Amino acid sequence: MAAMPAAQPGHVFRPRSSSAVAIGWGLVTVGWAWLALHDGGVAALVRQAPAIVLAATLVYGVLVRPSVEVSGSGVTLRNVVRDVEVPWAALTEVRTRYAFTLVTTDGRSFTAWAAPASGRHTDASLTSGEVAALGWPGAGGELPPTSASTASSSGAVAVWVRREWARAMDSSGGSSGSVEVHTQFSVGLIVTLALASALGLLTALT
């Protein structure tokens, strides 16, 4: 059997709907701001600005920001307000029952918001373009032999991550490497949400 081509370095998986959501909400934001300015002038726009920013930030955090990224060193989960970097050597199990979940050597588990099981806010199957991007055989449009396991976003990402995990461990000769899991909160997003909420409340009370 021919060897599988490697996935693109640093390839990112995110729900197919995220781009449409970003464009759609961008149009909504512009329309909302225009209506506020048109109906009430600059004063109305200033009063509604915190609500506009808050809504846009929530949409970005929940529907656009989440992703799963695989690199040569491991997997990065970008969730609503927190990023988790799991080195290959720290990974012990990949689960998909409810969502794509990584289990680490210290017994912790980390779930990817971007890759739920079927039935949440993402589409349920891979497109031929995504198959090509992930480097499966038959990337011209054919789904891989394990297509049954790609019937949900979590299953699709799990197939990809397990393959890259095995490849990384083989190339390192099974050496342990770093097992330190790094977590980091999205400070900018959290601060924006807090400020927009506070300003919105202050505006409503004045």
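Numbers for the structure displayed
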{"read-out": "Segment S73-H38, extension gain: residue separation times 0.36 nm, minus the distance between their alpha carbons", "value": "7.5 nm"}
{"read-out": "A22-A198 pseudo-label distance in nm [points 7 Å out on the Cα-to-Cβ vector]", "value": "2.9"}
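Every read-out reported here was derived from the displayed coordinates using simple, explicitly stated rules and does not represent laboratory data. Quantities reported herein were computed from a predicted structural model and do not represent experimental measurements. Cβ sites come from the backbone with ideal geometry, for glycine too, and all protein chains shown count toward neighbours.
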